[in-house]
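What follows is a set of notes on a single structure, which appears directly below.
Read-outs throughout are calculated quantities, based only on the coordinates presented, and are distinct from any laboratory measurement. None of the values given here were measured: they were computed from a predicted structure. Here Cβ is always computed from backbone atoms with ideal geometry, including for glycine, and neighbour counts include all displayed protein chains.
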Ligand code: ADP
């Protein structure tokens with residue numbers, strides 16, 4: 001995709017000459033397109049739940065012969081949709097905070113094993129319905145320099161995704177260990193897997209392989225783009241290996257300078 005977008009302008013230059021101005025607007029055009037896509041995506045994501053809520057608000061008042069069961073379902077649905085909007089807005093705020101943050105990622109030592117243990121407790125609740133076997137292999141002494149809130153969100157996003165995108169009674173394995181002097185986090189699942197053509201785009205905002213499946217899990221499509229920004233901030237990169245029908249491995253590693261092991 002090396003095509004450039006050029007803008008031409010011809011202006012008189014003195015009596016006998018014309019001046020041809022060529023401006024390369026490739027980057028500008030791309031940024032503008034991303035901005036437009038983003039606004040369109042956010043609007044769409046908010047409009048869908050609002051349509052559901054408004055539908056009920058318009059039909060319920062004044063309606064007669066409404067059964068208790070229908071009313072209960074209507075309230076459940078409205079509650080679910082409003083929670084969905086709330087989560088989306090929360091995630092947008094997290095994303096914009098991380099993008100704007102200039103906090104030095106290397107200032108504090110973060111107790112990763114402790115974070116992973118709390119995340120595991122949250123994961124257990126989420127896992128109630130799915131009944132996966134979640135195993136952990138954590139080096140209890142391994143810590144990193146970083147920003148705790150950001151890292152917590154990167155660690156939990158990958159684990160929660162593994163839970164969401166694996167069919168019931170799956171196997172999820174989480175590792176936190178030193179590999180080649182680099183503190184490394186790996187989450188492996190034997191879930192749905194992802195086709196190779198999607199891998200490069202997963203960290204784009206709102207990119208989902210299967211929208212319906214992601215919606216069902218309450219996903220906003222922002223999780224992996226949050227992870228990407230957090231990792232950028234810590235000089236690291238998300239690595240993804242996956243095979244459809246076999247499972248996925250999401251991982252990242254911190255440079256030896258950021259890895260702390262007594
Ligand atoms: P979402 O809120 O949709 O989960 P994410 O940004 O976290 O958004 O993930 C983007 C997409 O990547 C998901 O919609 C899903 O299609 C895919 N994905 C993420 N993690 C996994 C995984 N462990 N296995 C299979 N697909 C995954």
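Per the Debye formula with a single identical scatterer at each Cα and no solvent contribution, what log10 I(q)/I(0) holds for the stretch 53-150 at q = 0.13, 0.24 Å⁻¹?
For the stretch 53-150 at q = 0.13, 0.24 Å⁻¹, log10 I(q)/I(0) is -0.77, -1.20.
Order of 203, 26 from fewest to most other C-beta atoms within 10 Å?
Values: 203 18, 26 14.
Going from sparsest to densest Cβ surroundings: 26, 203.
At a 10 Å Cβ-Cβ cut-off, how would you order 220, 214, fewest neighbours first?
Listing 220, 214 from fewest to most nearby Cβ atoms yields 214, 220.
Calculate how large, on average over all directions, the projected area of the Cα convex hull of the stretch 1-69 is; give the answer in nm² to one decimal. Could the numbers behind the result be given before it?
Details: hull surface 40.8 nm².
Reported value for the Cα convex hull: 10.2 nm².
Hey, for a label at residue 90 modelled as a point 7 Å past Cα toward Cβ, could you say which residues of the stretch 206-246 have their backbone N under 11 Å away?
Counting backbone N atoms under 11 Å from the label point, the list is empty.
Averaged over every viewing direction, what's the projected area of the C-alpha convex hull for the stretch 135-178? Give it in nm², one decimal, please.
The Cα convex hull of the stretch 135-178, projected and averaged over all directions, gives 3.6 nm².
Report the residues of the stretch 243-262 in range of a label on residue 171: point 7 Å along Cα→C-beta, backbone N strictly under 16 Å from it.
Residues passing the 16 Å test: 243, 245-250.
Under 1.5 on a/c is rounded, so check that first for the stretch 94-194, then, if it is not, pick prolate when a/b is larger than b/c and oblate when it is not; a ≥ b ≥ c are the square roots of the alpha carbon gyration tensor eigenvalues.
Prolate is the answer for the stretch 94-194, as a/c is 1.5 or above and a/b outweighs b/c.
Could I have the simple spin-label model distance between residue 106 and residue 139, label points 7 Å from Cα toward Cβ, reported in nm to one decimal?
If labels sit at residue 106 and residue 139, their model points lie 1.9 nm apart.
Under the definition of Cα pairs under 8 Å and six or more residues apart, what whole-number percent is the relative contact order of the chain?
17 percent
Round to a whole angstrom and tell me the spacing of the C-alpha centers of the stretch 196-211 and the stretch 48-113.
Each part reduced to its Cα centre gives a spacing of 22 Å.
What does the convex hull of the Cα atoms come to per residue for the stretch 12-112, in Å³?
About 229 Å³ per residue, rounded to a whole number.
Simple spin-label model, 7 Å along Cα-to-Cβ: residue 68 to residue 126 in nm?
Label at residue 68, label at residue 126, 3.6 nm between them.
Quick one: Cα centre-to-centre distance for the stretch 12-29 and the stretch 159-193, in angstrom?
About 54 Å separates the Cα centre of the stretch 12-29 from the one of the stretch 159-193.
To one decimal place, what orientation-averaged projected area in nm² is obtained for the convex hull of the Cα set of the stretch 123-262?
Seen from a random direction, the Cα hull of the stretch 123-262 projects 8.2 nm² on average.
Under 10 Å, Cα contacts only: if you run a Gaussian network model on the chain, which one of 50, 28, 222 comes out with the highest mean-square fluctuation?
28
According to the square roots a ≥ b ≥ c of the eigenvalues of the Cα gyration tensor, what is the shape class of the stretch 159-203, taking rounded for a/c under 1.5, prolate for a/b larger than b/c otherwise, and oblate for the remainder?
Working: a/c = 2.76, a/b = 1.32, b/c = 2.08.
Here the stretch 159-203 falls in the oblate category.
For the chain, what is the calculated [θ] at 222 nm in deg cm²/dmol (nearest 500), taking -39500 (n - 2.57) for each run of four or more DSSP H residues and dividing by its residue count? Write out the running numbers ahead of the final one.
Details: 7 runs with 121 residues, N = 262.
Roughly -15500 deg cm²/dmol at 222 nm, from the helical runs in the chain.
When all alpha-carbon pairs of the chain are counted, what percent fall beyond 26 Å?
Cα-Cα pairs in the chain separated by more than 26 Å: 54 percent.
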